[in-house]
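The values are calculated or read from the model by the stated rules, or taken from the named source; none is laboratory data. Just so it is clear, the model here is predicted, and its values are computed rather than measured. All Cβ positions, glycine included, derive from the backbone under ideal geometry; neighbour counts span all protein chains shown. Note: accessible area is taken over every heavy atom of the protein model, side chains too, but ligands, DNA and RNA are not part of it. Shrake-Rupley method; radii C 1.70, N 1.55, O 1.52, S 1.80 Å.
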Amino acid sequence: MQFTHRRTLLKTAGAGLVGSLGLGLIGNVFAAAKIKPAGSSALIVVDVQNCFVDGGTLPVSKGAEVVPIINKLAGAFENIVVTQDWHTQGHASFATSYPGKKVFETTKLSYGTQVLWPDHCVQGTDDAALHKDLKLPTAQVIVRKGYHKAVDSYSAFEEADHKTATGLAGYLKQRGIKTVFVTGLATDFCVAWTAMDARKLGFEVYVIEDATRAIDLNGSLAAAWKAMSAKGVKRIQSGDIASA
Ligand code: VGL
Ligand code: ZN
């Protein structure tokens, strides 16, 4: 009776918590509790592409380290969504599109301040392909973003104009997904914007920190965690997820 009661208390919306000791042994249930993703949860793997690792056009420091962590996490999820940054040539987020501008400077576009990046993740190039060691055989959908020449899209849900939807929210909602676990590159840009938009759209959101790596431009990593936390994004580690 008391055991049942405690199990009930341990449940959180969308992600059931289980003690790895299973039945009985009540005393250890709290210490051993891990998150077990439910059927209504999805793993979102953001932009684990050649462009964002060493040898790519916009390498994120230690970016490739997320690959084995994400491959392992994937076994615990019934639903997996993969995203790809997928820019046109001459994209509005590229410094080369603005004579006299240098990479990592900013410019004002109709929708706000845009960081100017090296040319990266151009549609159909090897640079834009998913990392070769990413093994997600059960992934169900790949969402490409940033394909409108005049508008960037860090978020997998909504372009930087804050108007144009990618369709991912509709996809997830029609499939009954309530909780998303966000991983990938980069923590302070595409991961953070995806996580915050997911909150705005009503999902319960976890970012799995050790399954992300950051660009960290002028303090952007700390700022991103602060902004995510203010929006109710939960910060966890891959070890907090019960493996499949
Ligand atoms: C990203 C900068 C530009 C990302 C994409 O995936 O975080 N960052 N484009
Ligand atoms: Zn980009």
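Brief remarks on what is shown
- The fraction of all Cα pairs in region 86-234 landing in successive 10 Å bins from 0 to the largest distance is 10, 38, 39, 11, 1, given as whole percents.
- Inter-label distance for LYS62 and THR96, nm, one decimal - labels placed 7 Å from Cα along Cα-to-Cβ: 3.1 nm
- Here the label points at ALA33 and THR106, each 7 Å from Cα along the C-beta direction, are separated by 4.0 nm in the simple model.
- Backbone phi angles across region 197-206, fed through the Karplus curve with coefficients 6.51, -1.76 and 1.60 (θ = phi - 60°), yield HN-Hα couplings of 5, 4, 4, 4, 8, x, 7, 7, 10, 10 Hz in residue order; Gly and Pro are listed as x.
- Accessible solvent surface per residue of the chain, calculated while the other protein chains remain in place, 1.4 angstrom probe, Å²: 47 Å²
- Solvent-accessible area, 1.4 Å probe, carbon plus sulfur percent, for the chain: 56 percent
- Rounded to the nearest 20 debye, the dipole magnitude of the chain is 940 debye, with +1 charges on Lys and Arg beta carbons, -1 on Asp and Glu beta carbons, and the Cα centre as origin.
- Nearby lysines by direct alpha-carbon distance to LYS234 (threshold 25 angstrom, same-chain neighbours under 8 apart not counted): LYS11, LYS34, LYS36, LYS62, LYS72, LYS145, LYS173, LYS178, LYS200, LYS226
- Region 127-194 shape via C-alpha gyration tensor axes, a/c threshold 1.5: oblate
- The angle separating the long axis of helix 220-230 from the principal Cα axis of greatest extent in the chain is about 50 degrees.
- FRET E, pair THR138, GLN174, Förster distance 22 Å, beta-carbon r, rounded to 0.05: 0.70
- Each label point was placed 7 Å from the Cα along the Cα-to-Cβ direction; for GLN89 and LYS200 their separation is 3.3 nm.
- Near LYS234, the amide H atoms lying under 5 Å from its own belong to VAL205, TYR206, VAL207; only residues 5 or more places off or on other chains count, and H is placed 1.01 Å from N.
- Taking every DSSP bridge with both residues inside the chain, close to 30 percent are antiparallel.
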